Amino acid sequence: MATVIYPKRLVQTIDNEIGGFFVDGRDWNLFLLPYEQAVEELKVKFKTMRGELKVREAYAPIEFVTGRVKRISSILEKAKQLKVPMDKIETGIEDIAGIRIMCQFVDDIHRVADFIRARKDLTLVFEKDYITNFKDSGYRSYHMIVDYPVQTALGLKRVLAEIQIRTLAMNFWATIEHSLNYKYKESLPEEVRLRLKKASEAAFQLDNEMSSIRQEILDGQRGFEEKSNIVSKVLTDIQDLYFYHRVREAAQFQLRFNELWEQEDAWGLKELSFDIQAAITRAKKSGQA
């Protein structure tokens with residue numbers, strides 16, 4: 001009996017047919033490379049934005065940033081669910097590259113969205129407001145689909161990425177819901193579904209309560225940040241005095257610092273910082289004479 005030899009690609013297609021849905025024989029590691037690059041670059045850019053805003057305004061609406069590239073199995077499942085042909089997944093599945101930005105307050109979400117709209121290094125495709133129009137399950141989040149250019153070894157490659165902006169409470173709820181949906185294969189028991197929805201309302205109420213005392217929270221955070229910066233500056237400047245061989249002066253300032261630190265005297269620490277700066281200025285002039 002003659003042996004029939006099929007082309008390799010045909011064998012892959014036959015082997016990967018799942019319920020009428022065809023999985024092609026592409027090199028998935030190679031396919032996902034630009035998405036991985038997009039995620040890493042966007043994480044760096046949003047973390048940099050956070051740092052800049054903290055310096056400029058002493059407060060950043062971004063609490064922290066995470067990112068991920070969708071797993072191959074998840075891509076295939078979503079393509080099958082949405083009936084997206086394999087040759088269309090680059091445009092038919094918008095969240096292969098995913099960025100998640102966490103905020104403290106709901107108002108921060110809209111501010112971050114404004115920053116993203118104003119960026120010139122990406123193109124906003126569309127937005128989904130699941131905060132105003134939350135899902136029946138109770139899911140709340142703000143989604144922005146962007147077209148992002150990646151410079152690969154072979155040239156420019158544009159990929160879609162989904163940016164999700166949430167509060168910490170929204171993210172906690174969404175993480176639990178995702179885990180339960182995975183466990184029950186998207187078929188949550190009615191009791192679990194109702195309890196999740198109730199938990200979503202509780203998380204939303206928590207966000208509202210936090211928003212109502214937002215200014216008090218921010219004042220406390222700014223006070224802590226300011227005190228931390230002063231302490232760091234004072235101790236660094238005392239070390240500078242040792243560098244200028246002002247050992248006695250540096251030791252006296254160290255004793256003053258210890259006393260003020262014990263008393264938690266923030267105003268006294270500010271005055272101490274000014275005094276040390278004056279001493280450093282004198283030491284510099286003395287060294288130039």
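Can you tell me the dipole magnitude for the chain around its Cα centre, using point charges on the Cβ only (Lys, Arg +1; Asp, Glu -1), in Debye to the nearest 20?
So the magnitude is around 720 debye.
Got the relative contact order for the range 164-289 handy, in percent, Cα pairs under 8 Å and 6 or more residues apart?
After rounding, I find 22 percent.
Using bins 5 angstrom wide from zero, how does P(r) for the chain break down, in % of all Cα pairs?
Histogram of Cα-Cα distances, whole percents per bin: 1, 4, 9, 11, 11, 11, 10, 8, 7, 7, 6, 5, 3, 2, 2, 1, 1, 0, 0, 0, 0.
Going by amide H atoms built from the backbone, whose H comes under 5 Å of the H on Gln104, apart from near neighbours?
Close amide H contacts, sequence-distant or interchain: Glu63.
Largest first and in whole Å, give the semi-axes of the range 133-282's equivalent ellipsoid, each being the square root of 5 times a Cα gyration tensor eigenvalue.
52, 25, 13
Under 14 Å from a label point 7 Å along Cα→Cβ of Thr123: give me every residue in the range 157-184 with its amide N that close.
Within reach of a label on Thr123: 157-161.
Could you give the accessible area per residue of the range 155-289, probe 1.4 Å, as a whole number in Å²?
With all protein chains present, the range 155-289 gives 67 Å² per residue.
What do you get for the angle between helix 214-243 and the principal long axis of the chain? Use alpha-carbon atoms, 0 to 90 degrees, nearest ten.
60 degrees
Pairs Lys135/Lys197; Lys70/Lys157; Lys45/Lys128; Lys54/Lys233; Lys43/Lys157: which are spaced more than 20 Å apart, C-alpha to C-alpha?
Lys45/Lys128, as the Cα separations exceed 20 Å there.
What's the angle, to the nearest 10 degrees (0 to 90), between helix 266-288's Cα axis and the longest principal axis of the chain?
Helix 266-288 and the main axis of the chain meet at about 70 degrees.
Using +1 at the Cβ of each Lys and Arg and -1 at the Cβ of each Asp and Glu in the chain, identify which of Thr281, Tyr35, Gly25 lies farthest towards the dipole's positive end.
Final value for the positive-end residue is Gly25.
Any idea what diffusion coefficient the range 33-116 gets from Stokes-Einstein, in µm²/s, Kirkwood Rh on alpha carbon pairs, 37 °C, 0.692 mPa s?
228 µm²/s
On C-alpha positions alone, give me the angle between the axis of helix 106-117 and the longest principal axis of the chain, in degrees, nearest 10.
Between the helix axis and the principal axis of the chain, the angle is about 70 degrees.
Report, to the nearest whole %, how much of the accessible area of the chain belongs to carbon and sulfur atoms, 1.4 Å probe, protein only.
With neighbouring chains kept in place, the figure for the chain is 55 percent.
So what is the diffusion coefficient of the range 35-177 in µm² per second by Stokes-Einstein at 37 °C and 0.692 mPa s, using a Kirkwood Rh over Cα pairs?
206 µm²/s
Using a 1.4 angstrom probe, figure out how much accessible area the range 49-118 has per residue, in square angstrom, rounded to the nearest whole.
In whole numbers, the range 49-118 has 51 Å² accessible per residue.
Any chance you could run the full-extension gain for Lys83 through Lys54? It's 0.36 nm times the residue separation minus the Cα-Cα distance, nm to one decimal.
Extra length from Lys83 to Lys54 when fully extended: 6.0 nm.
What full-extension length gain, to one decimal in nm, is calculated for Phe274 and Ala153 as 0.36 nm per residue of separation minus the Cα-Cα distance?
So the chain would gain 38.3 nm between Phe274 and Ala153.
The values are calculated or read from the model by the stated rules, or taken from the named source; none is laboratory data. Keep in mind that what you see is a predicted model, and the values were worked out from it rather than measured. FYI the Cβ positions are ideal-geometry reconstructions off the backbone, even for glycines, and counts take in every protein chain you see. For accessibility, only protein heavy atoms count, side chains too; no ligands or nucleic acids. Shrake-Rupley method; radii C 1.70, N 1.55, O 1.52, S 1.80 Å.
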